[in-house]
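Comments concern the structure below.
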Number of protein chains: 2
Amino acid sequence: MADYSVTPWEVKGDVDYDRLVRDFGTSYIDQSLMNRVEKHTGKPHFMLKRKVFFSHRDFNWILDKYEKDEKFFLYTGRGPSGDTHLGHLLPWIFTQYLQEKFGVELYFQITDDEKYMHDRSLTRKQVSDFSYENILDIIALGFDPDKTFIFKNTEYIKTMYKISTDIAKHVTFSTAKSIFGFQNSSNIGMIFFPSLQAATCFLPSELKGKNIPCLIPAAIDQDDYWRGIAREIAPKLGYYKPAQIHSKFLPALQRGEKMSASKPNTAIFTTDEPEVAEKKIKSAFTGGRDTVEEHRKHGGNPDIDSAFQYLYMILEEDDKKIEEIERDYRAGNLLSGELKQIAAEKIKIFLKEHQRKRESAKKTFDKFILRD
Amino acid sequence: MADYSVTPWEVKGDVDYDRLVRDFGTSYIDQSLMNRVEKHTGKPHFMLKRKVFFSHRDFNWILDKYEKDEKFFLYTGRGPSGDTHLGHLLPWIFTQYLQEKFGVELYFQITDDEKYMHDRSLTRKQVSDFSYENILDIIALGFDPDKTFIFKNTEYIKTMYKISTDIAKHVTFSTAKSIFGFQNSSNIGMIFFPSLQAATCFLPSELKGKNIPCLIPAAIDQDDYWRGIAREIAPKLGYYKPAQIHSKFLPALQRGEKMSASKPNTAIFTTDEPEVAEKKIKSAFTGGRDTVEEHRKHGGNPDIDSAFQYLYMILEEDDKKIEEIERDYRAGNLLSGELKQIAAEKIKIFLKEHQRKRESAKKTFDKFILRD
């Protein structure tokens with residue numbers, strides 16, 4: 001057993017990404033694929049270059065289709081069980097880039113039904129409030145209002161249920177159990193839910209009456225899910241298999257913890273006061289040495305340093321700057337406190353800007369929402 | 001093991017109703033309960049008197065509430081997997097009587113989702129066509145258009161899904177498995193479906209924002225279903241437990257068979273040409289003797305005679321006439337052919353009249369339908 005676990009429900013510990021690629025049987029995003037992307041988008045997104053998005057299934061096929069004038073659509077989602085943190089934003093930021101550069105539609109599923117059924121203590125009101133708050137964060141990222149369709153399952157269920165019954169018809173309890181680890185104690189709503197999550201892969205094809213390729217940008221823990229249900233079922237229903245592009249996980253601020261709303265210090269939330277976020281990053285796990293002397297002598301380790309990871313994976317777009325920071329930190333020229341200060345400034349700027357956009361998202365909200 | 005099986009999916013062989021009452025733990029409808037009904041409805045329906053509806057759960061409680069001016073509603077349903085036969089009509093005829101006499105609302109669930117998911121070979125179009133045809137039969141029975149709400153699950157799913165997720169949250173796979181006999185090979189749509197069927201028990205309470213007692217008239221095979229899910233969950237969600245009133249099954253025309261659209265001679269369908277129905281009843285299983293001489297000498301057995309059972313359970317409302325027929329048949333004065341002729345005439349009259357009403361139901365159809 002690895003000392004980490006990756007399932008669609010939770011990620012814990014240090015993740016061995018190479019092993020995930022081997023175990024899941026996905027492909028690395030290599031230079032030739034990156035070159036193909038560059039041809040269409042100009043300079044590729046820093047998350048691609050830095051291998052934050054590092055693995056895929058059939059992304060090359062998506063580009064084949066695109067090059068033959070067959071546009072794909074993007075599908076991602078959010079389970080509204082708490083406030084949004086930067087780890088959630090990471091794949092959505094990349095999704096926004098894909099939408100903009102390829103000029104494609106995005107279907108964004110809010111799984112309010114799943115979260116309500118998964119956690120007995122969550123009330124419908126709580127899930128509804130989290131949904132609203134999470135959607136503000138999504139809209140704030142700059143998605144195209146004419147090409148972005150955000151829907152809560154409970155509000156779009158008439159359309160979704162139709163496709164879901166097509167899927168459910170072909171998915172046995174065994175199959176769902178082997179993918180999600182359902183038990184006898186699992187509730188029957190959660191057992192059905194995989195068909196709703198898979199349904200979005202085929203939603204635009206259903207709506208438009210023609211087969212449209214689907215690309216899912218998501219953290220790699222979701223891979224099993226799509227492989228086991230949507231990709232298995234697609235040919236039976238006459239649809240294309242959904243393609244995927246996989247990201248790594250933004251680490252928690254405390255090592256060995258999971259980012260969680262119940263432990264506010266593990267993550268930076270989009271609604272954190274910038275000064276609160278500053279304190280969080282300053283008390284985060286460091287890759288620096290115990291004393292200044294040792295640090296100057298041996299250098300720090302950016303690979304396990306939360307502040308550095310936040311800069312590298314999400315906050316510092318400038319490749320030159322991040323290379324400089326990394327080099328100086330490894331060399332011991334940049335102290336842990338100084339690195340944290342750089343990250344804190346970046347986070348504060350990001351949050352102020354995001355919170356401003358989040359506020360104006362309240363006005364454009366309805367333009368993004370799909371309802372039956 | 002009994003030589004019959006009763007589950008919500010199928011009924012085969014001769015049914016030992018006393019044993020079902022014992023096994024399920026339901027109560028007989030006794031004379032004092034019948035007297036209470038009579039107080040409100042006048043002369044009770046022949047199906048009550050003849051113990052076609054013979055068992056119940058909490059029907060006395062329904063009357064308690066009714067007598068305190070708290071009206072109940074009726075809930076029944078239909079799985080649209082084929083044409084309607086007289087066995088389906090039996091509980092609906094009784095339901096129409098209850099509606100009329102107690103002046104109550106009826107919610108009629110068409111489980112088009114279930115039938116579509118249950119049978120892989122059924123297309124959505126087929127289920128949709130069966131739904132339409134079945135609903136015509138329902139409307140033809142004379143339900144009050146102002147108090148009758150017929151809905152297909154797929155068309156009313158937004159409302160139903162909300163209640164269903166409340167229910168599903170509390171129903172484990174174990175529970176559903178023990179009631180419905182789900183296997184690892186069962187599909188995940190069928191596993192979720194019990195929450196949709198239970199949801200109707202709480203639908204009017206949800207729609208009207210107050211607790212409304214629910215009475216389900218249905219064949220006794222459904223009892224386990226309501227006991228195991230809806231009655232278990234009701235207190236957890238703050239609703240009344242649904243009450244039930246149970247009927248026996250109209251037997252198939254051929255002994256030991258199950259009424260089925262795939263074996264047209266096992267049942268009389270509402271769309272059968274009257275002359276076709278006549279032929280069916282004439283070739284049905286008889287309780288008469290092998291020769292006229294023996295019959296005259298020993299008499300016939302109405303208890304196993306299909307023609308007699310059709311008259312007794314559904315077609316001959318007149319108590320005097322049915323007693324006469326029974327007496328004469330047992331005494332050997334009425335021959336099997338003569339009994340069949342009586343039943344054939346009744347069936348022809350019934351079908352002609354039903355088919356006329358069924359035709360005009362096409363005009364009033366929309367008035368009965370509930371959609372999101």
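Cβ-Cβ distances below 6 Å connect the following pairs, each with a first residue in the stretch A:292-304 that is among the basic types (Lys, Arg), a second residue that is at pLDDT 95 or above, and a separation of six or more residues or different chains: A:ARG296/A:GLY332.
Okay, residues lined up against (1) hydroxyl-bearing (Ser, Thr, Tyr); (2) more than 22 Å from A:SER131 (Cα to Cα):
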position: A:ASP272; (1), (2): no, no
position: A:THR291; (1), (2): yes, yes
position: A:GLY300; (1), (2): no, yes
position: A:TYR312; (1), (2): yes, yes
position: A:GLU326; (1), (2): no, yes
position: A:ALA343; (1), (2): no, yes
position: A:LYS348; (1), (2): no, yes
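One line per residue, one yes/no per condition, for (1) facing chain A (nearest Cβ under 7 Å); (2) part of a loop (DSSP other than H, G, I, E, B); (3) open to solvent by less than 10 Å² (accessible area, probe 1.4 Å); (4) over 19 Å from A:ILE188 (Cβ atoms):
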site	(1), (2), (3), (4)
B:TYR161	yes, no, yes, no
B:SER174	yes, no, no, no
B:SER185	yes, yes, no, no
B:GLY189	yes, no, yes, no
B:LEU196	no, no, yes, no
B:GLU206	no, no, no, yes
B:LEU215	no, no, yes, yes
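Regarding the stretch A:117-135, can at least one residue be identified that is more than 24 Å from the chain's Cα centre (by Cα) and under 16 Å from A:ILE233 (Cβ atoms)? Within the stretch A:117-135, none of the residues are more than 24 Å from the chain's Cα centre (by Cα) and under 16 Å from A:ILE233 (Cβ atoms).
Going by the conditions given, is A:SER178 more than 8 Å from chain B (Cβ to nearest Cβ) and either on the phi < 0 side of the Ramachandran plot or of a type in the set (D, E, K, R) (or both)?
Values: more than 8 Å from chain B (Cβ to nearest Cβ): yes; either on the phi < 0 side of the Ramachandran plot or of a type in the set (D, E, K, R) (or both): yes.
For A:SER178, the condition - more than 8 Å from chain B (Cβ to nearest Cβ) and either on the phi < 0 side of the Ramachandran plot or of a type in the set (D, E, K, R) (or both) - is met.
Of the residues B:THR165, B:THR154, the single one that is open to solvent by 10 Å² or more (accessible area, probe 1.4 Å) and within 11 Å of chain A (Cβ to nearest Cβ) is B:THR154.
Which of the residues that make up the stretch B:104-139 are open to solvent by less than 40 Å² (accessible area, probe 1.4 Å) and of a type in the set (Gly, Ala, Ser)? Before you say what the answer is, go through the steps one by one.
First, the residues of the stretch B:104-139 that are open to solvent by less than 40 Å² (accessible area, probe 1.4 Å): B:104, B:106-117, B:122, B:127, B:131, B:134-139.
Residue satisfying the conditions is B:SER131 alone.
Considering the conditions (1) farther than 18 Å from A:GLY189 by Cα; (2) within 14 Å of chain B (Cβ to nearest Cβ); (3) surrounded by 19 or more Cβ atoms within 10 Å (Cβ to Cβ), A:GLY87 is excluded by exactly one of them, (2).
Name the residues in the stretch B:217-242 that are of a type outside the set (A, V, I, L, M), at pLDDT 95 or above and assigned to a helix (DSSP H, G or I), would you? Quick ask: steps written out before the conclusion?
Pass one, the stretch B:217-242, residues of a type outside the set (A, V, I, L, M): B:217, B:221-228, B:231-232, B:235-236, B:238-242.
Cutting the leftovers down to at pLDDT 95 or above gives us B:217, B:231-232, B:235-236, B:238-242.
Those that are of a type outside the set (A, V, I, L, M), at pLDDT 95 or above and assigned to a helix (DSSP H, G or I): B:ARG231, B:GLU232, B:PRO235, B:LYS236.
Look at A:GLU317 and say whether it is open to solvent by 20 Å² or more (accessible area, probe 1.4 Å) and without any contact (Cβ under 8 Å) to a residue 12 or more places away in the chain. It is false that A:GLU317 is open to solvent by 20 Å² or more (accessible area, probe 1.4 Å) and without any contact (Cβ under 8 Å) to a residue 12 or more places away in the chain.
Among the numbered conditions (1) within 14 Å of chain A (Cβ to nearest Cβ); (2) of a type in the set (Val, Ile, Thr); (3) over 17 Å from the mean Cα position of the chain (by Cα), the only one that B:VAL104 does not meet is (1).
Would you say A:ALA343 is farther than 17 Å from A:ASP137 by Cβ, assigned to a helix (DSSP H, G or I) and open to solvent by less than 10 Å² (accessible area, probe 1.4 Å)?
In short, yes.
The values are calculated or read from the model by the stated rules, or taken from the named source; none is laboratory data. Source: prediction; values computed, not measured. Using ideal geometry, Cβ is built from the backbone for each residue, glycine included, and neighbour counts are taken over all protein chains shown. Protein only, heavy atoms only, side chains kept; ligands, DNA and RNA dropped before computing areas. Shrake-Rupley method; radii C 1.70, N 1.55, O 1.52, S 1.80 Å.
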